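Rule-based calculations on the coordinates, nothing more; no lab input. Predicted, not measured: the structure shown is a model, and the values here were computed from it. Don't worry about glycine lacking a Cβ; one is built from the backbone with ideal geometry, like all the others, and counts go over all protein chains shown.
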């Protein structure tokens with residue numbers, strides 16, 4: 001179609017060579033106008049520039065004084081205004097060319113509007129002075145709606161001074177303006193569609209960029225919260241940030257920490273935050289099973305492989321295929337079984353007990369231990385090659401004594417769980433929370449939970465006070481164990497209580513989360529080789545120094561504690577240890 005119009009225009013000749021005042025000239029003006037306006041509308045320019053160019057070129061094909069094009073947005077509000085022949089008025093004063101009432105009439109009716117004498121029209125009374133300025137001849141107004149897909153997008157209008165003979169051309173001008181308005185309407189609609197698509201594309205790119213930034217942004221920029229893990233201490237926050245980063249990979253993780261620090265909870269958190277979260281999370285306590293049973297549990301067995309194997313059974317590695325496998329107490333497995341486990345970890349292949357078929361598994365391995373593996377490797381109790389295989393990403397879990405601010409939160413959470421399970425409505429008195437916050441808890445979170453449950457069970461009222469705690473009635477079993485450990489140190493007897501858990505003063509236990517490589521940070525300034533420290537984690541005060549401090553404090557344990565740098569409870573332990581009777585006044 002464009003080529004046909006171009007050929008037709010070439011036959012007519014350039015505009016400045018057209019013979020004036022001929023019928024051929026008059027007949028071909030609309031054709032040339034539509035052609036040139038089409039070229040303007042298809043030019044790669046902004047919409048407001050395109051509409052302004054269309055209005056300006058109308059004077060080449062119509063006898064007009066002023067021209068105006070008004071484009072409305074989807075809500076019917078003014079979006080773009082383009083005027084021509086109004087050089088003395090600012091662009092914002094477009095209503096002097098076409099009043100708002102006229103625009104509203106054309107938009108409402110959706111039909112052309114022709115007014116042969118605007119001075120006699122009520123629609124033009126507001127702008128009559130401007131419309132009639134410079135002439136005493138009648139001013140004719142022609143306006144048509146701009147529409148596309150049966151939607152009114154704006155108006156296109158002109159006004160002109162005409163004599164009686166020229167009034168017969170109004171119908172031709174209306175037809176010409178209607179064709180132009182239809183082309184403009186399609187152009188406006190196309191620009192809006194492209195703009196909407198471009199906006200959606202930009203929003204999609206921004207969303208993708210935001211997701212990429214979140215995935216690559218270090219987790220330390222925000223505090224990570226994981227269900228089941230309670231606390232706000234800096235040591236715990238740093239572990240949670242590390243867990244959030246490690247979870248996105250498939251690297252083997254070694255969770256290390258004292259017994260009761262919640263290694264299983266952290267393993268579940270790593271699984272839930274990983275891409276494997278929709279697959280199985282399988283766990284196995286290696287210390288709870290003998291070697292023969294452990295092999296069958298991990299690798300599975302065939303029917304008849306041993307006495308009692310009445311059917312084929314898949315092992316934990318097979319059950320965790322595509323997911324995560326937690327091997328708790330990994331430091332307790334025998335050297336013989338360590339060799340069998342190493343092959344599976346290195347090759348990703350296994351054979352069921354009594355079977356010959358090799359199975360391939362894809363498992364994300366998490367190991368946990370409270371044992372000092374480095375010492376075990378040196379002593380030949382743990383294979384060095386297996387140690388290097390599982391110690392890819394070690395995460396040190398802080399003991400509860402490094403999280404004193406978390407003890408009240410944990411105690412409240414355990415009490416709420418107790419209330420829910422037993423349909424009770426118990427609550428801590430402030431003094432009770434203060435007391436429990438000062439405890440040492442060598443058994444960490446597990447011991448704290450047991451303490452809360454025991455106290456809640458034996459509480460005499462709905463409010464748990466200090467008198468309800470076993471330690472205030474000399475019935476704390478953990479306290480007896482600590483004292484037993486002190487006596488065993490004096491008699492060189494083995495510490496059965498602490499022998500199977502990670503020593504607090506060992507290099508593993510002493511290195512805090514966040515310490516630089518090789519930096520040893522003592523826990524509570526404790527040196528395990530210093531005989532002046534007991535199993536309770538507090539300094540054993542010299543008897544004479546203790547008596548002197550008590551005398552200076554008037555035998556008030558709290559004041560003596562401030563003198564010695566201890567808590568009142570630690571002073572009480574020291575008094576009982578030395579058999580010093582507290583004087584009462």
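Annotations
- Spin-label model distance (nm) - residue 583 vs residue 151, 7 Å beyond Cα toward Cβ: 9.6
- Two-site label geometry, residue 422 and residue 347: point separation in nm, points 7 Å out along Cα→Cβ: 5.4
- Label sites at residue 563 and residue 249, each approximated as a point 7 angstrom past Cα along Cα to Cβ, lie 5.5 nm apart.
- Distance from the alpha carbon centroid of segment 339-403 to that of segment 241-313 works out to 10 angstrom.
- Using a Förster distance of 41 Å, the FRET efficiency for residue 45-residue 120 (Cβ separation, nearest 0.05): 0.55
- Figure legend: label point modelled 7 angstrom from the Cα of residue 362 along Cα→Cβ; residues of segment 312-333 with amide N under 15 Å from it are 318-325.
- Projected onto planes of every orientation and averaged, the convex hull of the alpha-carbon atoms in segment 541-585 covers 2.6 nm².
- For the peptides 350-360, 45-55, residues were scored by their other Cβ atoms within 10 Å and the scores averaged per peptide; the highest-first order is 45-55, 350-360.
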